[in-house]
Every structure is written in C-alpha cells, then in structure tokens.
Amino acid sequence: MTRIIVGINVAVFVAMALSGVSPLTPTVQQLVKWGSNFAPLSLGAEPWRILASNYVHIGIIHIFFNMWCLWNLGRLAERIFDPWTYLLVYTASGIGGSIVSLWWHLQGVGAGASGAIFGLAGTLIAVLYLGKLPISRDALKPTLKSLISFAAYNLFFGLVPGIDNSAHLGGLGVGLALGAVLAKSYSEPAESRARWRNYALIGTALLLVAAYNYVRHRAAY
C-alpha cells in the first residue's frame, strides 16, 4: 500500500512537471488547475478537491520530505494494519486535514500528503498505546517515543509561515480518533477486526460529511 500511494503521488508530480508546471515553484494558478484545496471551489462545485489535493505537491522539496516520511511510517503501518485499514486511515485523515484547512483558511490554497501522513502517525500512536498487541510494552516504548517525537517536531516546524499546520492537526486528530476506535479490536480475531474497521469506515464517513457541510455552511458557499 505504501508503494502504491507513493507511486500515485510521484506520478502526479511527474505529470505536472511534464505539462509545464515548475518542479520548484509552481504558481497558485497551476496548483488550482491540478486539484489543490481552494475554498471557493472545494466548498462549491468541486468537493473532490478535498481528496485530490492530498496527491498534489508544491514543488520537489515538498514531495520529497512528504514521501520520505510516508515511506518510513508506512513500513511500520504495514506490519500492523491490513491494506484496507491502512487505506481507510490514510484517506480519512487526508480528507479530515483538508476540511480543517478549509475551516481555517477560507482563501488559501492547500496541497500535499502531510495531513494523511499525520493521520497515519496518529493511528499508530493510538493503536500501539491502547491496543493489546503481541509485543511487550518495553519493546513498544522506543517506537511510541519516536512517533510522538515525529508528530511534535513536525507540528512545531509547521509554525513556520507558509506551512498549513491546520491540515496537520486535522489529519492527526482523525488518526488518533480512528486509532482509539480500532485499538481494542487488535486483541480479537481477524473477522472481528474487519467488522470494527467497517464500523469505523461508516462512522468516519458520516462525521466527515457532517464536518464538510458545517464548514460549507459557515463559509456560505
């Protein structure tokens, strides 16, 4: 799953560059054309942007660091989550990050996988901390410490102007919530875990739709 998601992100970036978009400093107009999150459109006739924007990046440095983080987190996530749970967490967290970004920035342009990546980290933190995995607590402590440090450091770094920390917080919040819901199922058989995942999918979808409609109503689009 990690390879597939990284591959999609890289393919979109290459397609953008081949179409004439600057690989270093793409313009706002170019980003909007390729599906970035932009409130007048995302909250209007083009809500698909809240998902598509997770696969659009603002230059080669942006995509390099995001894919590096995703590759490292993804290797851990694939050891714990089945592919469908991984996809649920990644996608829901990315959408959640986009919605929070729209709530916070009604005129800005947002793009990138960081909200989804923060969500993946959040779910891992919650599952490793709350779940009853067949691993000793002492063995888990270094991994938990590393995940928490990753989230804290990048949230602090996100205070730099030009970085959309609201998307980071939104993705992290969705990830932590999903992890808390799914954690207890990891001591149960595979069938029970799949059932909990399906419940989480339905509940998350309803909550994200409600959050999107709230932001849309608030913005009067």
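The values are calculated or read from the model by the stated rules, or taken from the named source; none is laboratory data. Keep in mind that this is a model prediction, so the values were computed, not measured. Cβ atoms come from the backbone with ideal geometry, glycine included; neighbour counts cover every protein chain shown. Keep in mind that these areas ignore ligands, DNA and RNA; they rest on the heavy atoms of the full protein, side chains included. Shrake-Rupley method; radii C 1.70, N 1.55, O 1.52, S 1.80 Å.
With a 1.4 Å probe rolled over the protein heavy atoms of all chains, the accessible area of Val10, Val215 falls in the order Val10, Val215, largest first.
Computing the accessible area with a 1.4 Å probe over protein heavy atoms, can you report the carbon and sulfur percentage for the chain? Answer for the chain is 70 percent, counting heavy atoms of protein chains only. Taking His57, His105, His217 and ordering them by how much accessible surface each has at a 1.4 Å probe, largest first, produces His217, His105, His57. Multiplying the residue separation of Ser192 and Lys145 by 0.36 nm and subtracting their alpha-carbon distance yields 14.0 nm. Within a straight-line Cα-Cα reach of under 25 Å, Lys132 can be paired with the following lysines, leaving aside sequence neighbours fewer than 8 residues apart in one chain: Lys141, Lys145, Lys184. Projecting label points 7 angstrom from Cα along Cα→Cβ for Trp104 and His217 puts them 2.3 nm apart.
Solvent-accessible area per residue in the stretch 172-221 equals 62 Å², computed with a 1.4 angstrom probe and all protein chains kept. For Ile58, the residues whose amide H sits under 5 Å from its own are Ile63, ignoring neighbours fewer than 5 places away on the same chain, with H placed 1.01 Å from N.
Ligands, DNA and RNA excluded, the heavy atoms of Lys145 present near 150 Å² of accessible surface to a 1.4 Å solvent probe. Counting only Cβ charges, +1 for Lys and Arg and -1 for Asp and Glu, the dipole size of the chain around its Cα centre is about 300 debye. With distances taken between every two different alpha-carbon atoms, the chain has a Kirkwood hydrodynamic radius of 17.6 Å.
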